[in-house]
Amino acid sequence: MATKTELSCACGAFALELTGEPFITAECHCNSCREAGKRLDALPLARKMLASNDGTPFVLYRKDRVRLMKGQEHLAEFRLNAETPTRRVVTTCCRTPVFLEFKGGHWLSLYSALWPEGTAPAPSIRTMVSDRPAGNSLPDDLPSGPLVTAGFYARLLGAWIAMGFKSPEVTIPQTIEA
């Protein structure tokens, strides 16, 4: 039987359940993740989205392995602009970062900040490091670069195949500005 993990926001009004293990863990350094993290961290959030190196640590699960258990009415989406294909979701009760979702995506990129401090699965790769400002280097403790990012996309494709090419919808009742 697959393991179950229950996570909640800082105040406990929202909770979700994860089945099994993530298909990958990553630290994203794309421009939009860094900008969104800075804008949302200014709210302020109950838990910081950005790591000390300005990357965003994520734990990626197939949508069919994530069950919203309670408090869905406390979720709000944030978009960098009206045209962006990504939305970041935080709770309105205590401003805990929950996940990032790509429009039409079959997975949720759960923010590592959703886990109690020190318990989130560690990132296994860094993606989109080419978006970082010139002269802003990272340690070489995690694989990164174009080939690693290509492998990341291959893992996404494998997860989608395992889901039968389905992309379940997640309804978020509110929006938030930052």
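The values are calculated or read from the model by the stated rules, or taken from the named source; none is laboratory data. Only a predicted model underlies this, so the values are computations on that prediction, with no experimental measurement involved. Here the Cβ positions follow ideal geometry from the backbone for every residue, glycine too, while neighbour counts run over all protein chains shown. For the accessible areas, the whole protein counts, side chains as well, though only heavy atoms, and no ligand, DNA or RNA atoms are used. Shrake-Rupley method; radii C 1.70, N 1.55, O 1.52, S 1.80 Å.
Structural remarks
- Those residues of segment 51-83 whose amide nitrogen sits under 12 Å from the label point placed on A2, 7 Å along Cα→Cβ: 61-67
- Carbon/sulfur fraction of accessible area - segment 31-178, other protein chains in place, 1.4 Å, %: 54 percent
- Viscosity 1.002 mPa s, 20 °C: Kirkwood-radius Stokes-Einstein D of segment 74-178 over Cα pairs, µm²/s: 135 µm²/s
- GNM top mover of D54, D140, D131 - the chain, alpha-carbon springs below 10 Å: D140
- Normalised by 2.2 N^0.38 Å, where N counts its residues, the alpha-carbon radius of gyration of segment 22-118 equals 1.00.
- Note on the chain: the alpha carbon radius of gyration divided by the globular reference 2.2 N^0.38 Å gives 0.98.
- Residues listed by number, segment 96-124, amide nitrogen under 18 Å from M163 label point at 7 Å toward C-beta: 98-112
- Of K63/K103; K4/K63; K70/K166; K48/K166, pairs whose Cα-Cα distance is over 22 Å: K70/K166; K48/K166
- Residue with peak Gaussian network fluctuation, the chain [Cα springs, cutoff 10 Å], from L40, L108, L142: L142
- Choice from G145, G105, G37 showing the highest fluctuation, given a GNM over the chain with Cα pairs closer than 10 Å: G145
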